[in-house]
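For reference, the structure is listed below as structure tokens.
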Amino acid sequence: MTQYTPDDKRHHMQSLLARESLLDKDVMAGTETPVFRMLPQVHVVKIGGSSLLEAGRDVVMPVVDALGEVLKSEKLILGVGAGARSRHVFSIGLDLGLPTGVLAQVSVADALGNAHILGTLLAPHGVTAIPPEIFGHLLPLFMHAVPGVIFNGVPPYSLWEHPPAVGKIPPHRTDAGCLILAECFGCKSVTLVKDVDGLHTEDPKHNPAAPLIERISVSALRALALPTLPFDEALLDVLDTARCVHSFQLINGRRPELIARALRGEHVGTIVHADED
């Protein structure tokens, strides 16, 4: 709506923010409104790169078969992780002194390759790998046309990646990209499929006796100050401020039958949830 003032013959736009500073905290608080969910019946599933896709046929094909069964009844957005090649590129980049934003840019290629690999294996089920340049814009169209889509998982911060608190490795990697995507489109759930039973008090690959943490809040997890996590630590920051997605579940892809159970809402791994849940 506009308002016409005859004395100066101008049209003034009536808007909540037209004459306000977008740095004012009170103004920002007034913008809190319900978020429209674009894809509320779609699940986001992250498939680990180094943990699963690079583990060979004996590990990958059962996961593909399990996803194929799920796709008969559920709509899936599949994000894939990067693997050993990204770690090698990071090593080269760090040795050359490349900034974090450049490391984020070069990491995309490995994850995109894994997306095409998984997309090829799931092609008989009608799944397609969407090119990154059109993924976000055409995602709703694809989700209405096919049972599932695949993307590389890397959020497109590129050269604008946030500087990490420690070191130079980009903090927003493929786990974070999947959670941020689910939050933006208001998806039904987020499941991280890797090669561990869930979150443990220690790395189970180094200490197989480490207890499993079945459910934990963001603040409680931060208080534990674990030396390592099986997912991007940036996920905790996203859950702090998310409006649509309030939790994710980490499950073991070496037990592919758990994928369908997790998407049915069963607790079969570790659930990390926002503090208010």
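Straight-line cross-link reach from K194 at under 19 Å between alpha-carbon atoms covers these lysines, not counting any fewer than eight positions away in the same chain: K46, K205. With no solvent and one point per C-alpha, what does the Debye sum give as log10 I(q)/I(0) for region 178-225 at q = 0.27, 0.30 Å⁻¹? At q = 0.27, 0.30 Å⁻¹ the computed log10 ratios are -1.05, -1.09.
Please order H172, H206 by the number of other Cβ within 10 Å, starting at the fewest.
H206, H172
Return the loop-located GluC sites (Glu not before Pro) in region 243-277 (DSSP other than H, G, I, E, B) with at most 10 other Cβ atoms within 10 Å of their own Cβ; answer none if there are none. Walk me through the numbers on the way to the answer.
Working: sites: E257, E266, E276; in loops: E266, E276.
In loop regions of region 243-277 (DSSP not H, G, I, E or B), the sparsely surrounded GluC sites (Glu not before Pro) are E276.
Could you give me D for the chain, from Stokes-Einstein at 20 °C and 1.002 mPa s, where the hydrodynamic radius is the Kirkwood radius over C-alpha pairs? Units µm² s⁻¹, please. Could you put the intermediate results ahead of the total?
Working: Rh = 20.2 Å.
Calculated translational D: 106 µm²/s.
Once you sort the root eigenvalues of the Cα gyration tensor of region 181-277 as a ≥ b ≥ c, which label holds: rounded (a/c under 1.5), prolate (a/b larger than b/c) or oblate (the other case)? The shape class here is oblate.
Packing around the peptides 52-58, 104-110, taken as the average count of other Cβ atoms within 10 Å per residue, puts them in this order, highest first: 104-110, 52-58.
GNM on the chain, alpha-carbon springs under 10 angstrom: the most fluctuating residue among T241, T100, T191 is T241.
FYI, it's all coordinate maths here, none of it is from the lab. All figures in this text were calculated on a predicted structure; none of them were measured in a lab. Note that each Cβ is placed from the backbone with ideal geometry, even for glycine, and that neighbours are counted across all protein chains shown.
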